[in-house]
1. Conditions: (1) touching a helix residue (DSSP H, G or I) at 6+ places or on another chain (Cβ under 9 Å); (2) open to solvent by 30 Å² or more (accessible area, probe 1.4 Å); (3) free of Cβ contacts under 8 Å to residues at least 40 places away in the same chain. ASN164 meets all but one. Number of the miss?
2. How many residues, within the range 130-142, are in contact (Cβ under 8 Å) with a residue 24 or more places away in the chain and over 9 Å from the mean Cα position of the chain (by Cα)?
3. Return only the number of the condition from (1) aliphatic (A, V, I, L, M); (2) open to solvent by 40 Å² or more (accessible area, probe 1.4 Å); (3) closer than 28 Å to ARG25 by Cβ that LEU131 does not satisfy.
4. Would you tally the residues in the range 85-94 being surrounded by 20 or more Cβ atoms within 10 Å (Cβ to Cβ) and in contact (Cβ under 8 Å) with a residue 40 or more places away in the chain?
5. Which of (1) over 16 Å from GLY129 (Cα atoms); (2) in a helix (DSSP H, G or I) does GLY17 not meet, given it meets every other one?
6. Restricting attention to the range 59-105, which residues are in a helix (DSSP H, G or I), under 30 Å from GLN174 (Cα atoms) and of a type in the set (Phe, Trp, Tyr)?
7. Mind telling me which of the residues ARG2, ARG25, ARG9 ends up being part of a helix (DSSP H, G or I), at pLDDT below 90 and among the basic types (Lys, Arg)?
8. Being assigned to a helix (DSSP H, G or I) and surrounded by fewer than 23 Cβ atoms within 10 Å (Cβ to Cβ) is the filter here, so list the residues in the range 143-153 that pass it.
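The values are calculated or read from the model by the stated rules, or taken from the named source; none is laboratory data. Predicted model, so just to flag it, every value in this text is computed and none were measured. No Cβ is skipped: glycine too gets one built from the backbone with ideal geometry, and neighbour counts run over all protein chains shown. SASA here: full protein model, heavy atoms, side chains in, ligands and nucleic acids out. Shrake-Rupley method; radii C 1.70, N 1.55, O 1.52, S 1.80 Å.
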Amino acid sequence: MRSDVNQPRNQHETMIGLSTPTLHRLRAAANRALGDSAFSELREAGYAGGAPVYRAFLEWAAGEGAESVGELELGEFSDLLERFFSAAGWGVLRLRPLADVLAVVEIEDCWEAKDWKQSDAPGCYITTGALTGFLEQIAAYPMAALEYRCKSCGDERCEFVIGNPAAVQFAYEQIAAGSPIEAITAAK
């Protein structure tokens with residue numbers, strides 16, 4: 001796990017705060033303008049912001065006394081993530097391990113699904129991309145994310161399976177075949 005707060009910064013990658021109504025409006029405009037391709041463009045936009053969010057997390061964590069997040073136990077790391085993302089307005093985020101090379105990220109009251117119209121399919125595209133980009137910084141290898149439960153579909157919370165691309169593909173196939181996420185015990 002990388003934890004260097006002094007990573008090089010791109011001067012154009014700064015953090016700003018936007019309200020959820022602004023982000024929902026931008027998302028709706030993208031959906032209208034791009035149609036079926038909106039999901040991939042929104043996911044890529046989220047992904048592009050993953051590294052700056054990670055750097056902001058490292059700075060915040062250092063201020064909270066966690067200078068080296070890479071050395072934290074999973075429970076401590078998850079607690080730190082929950083506090084950071086809650087403070088940033090994402091909702092209550094929890095990280096838990098699943099199988100050998102997968103993890104589950106649960107977000108209660110996810111900003112992207114909040115006040116979004118009812119949907120037949122998970123739709124937190126920006127969040128999916130941002131989680132992928134953020135967690136790649138920690139893992140230091142390519143990651144993938146798949147939202148398999150979404151509040152906008154009537155689920156209790158939004159849930160994402162995260163891991164290397166092959167493992168997430170395996171999880172997707174298992175979920176598509178009707179297996180509950182908890183039954184996925186051996187990812188490839």
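1. The failed condition is (3).
2. 5
3. (2)
4. 1
5. That leaves (2) as the condition not met.
6. PHE77, PHE85, listed by residue number.
7. ARG25
8. SER152, CYS153
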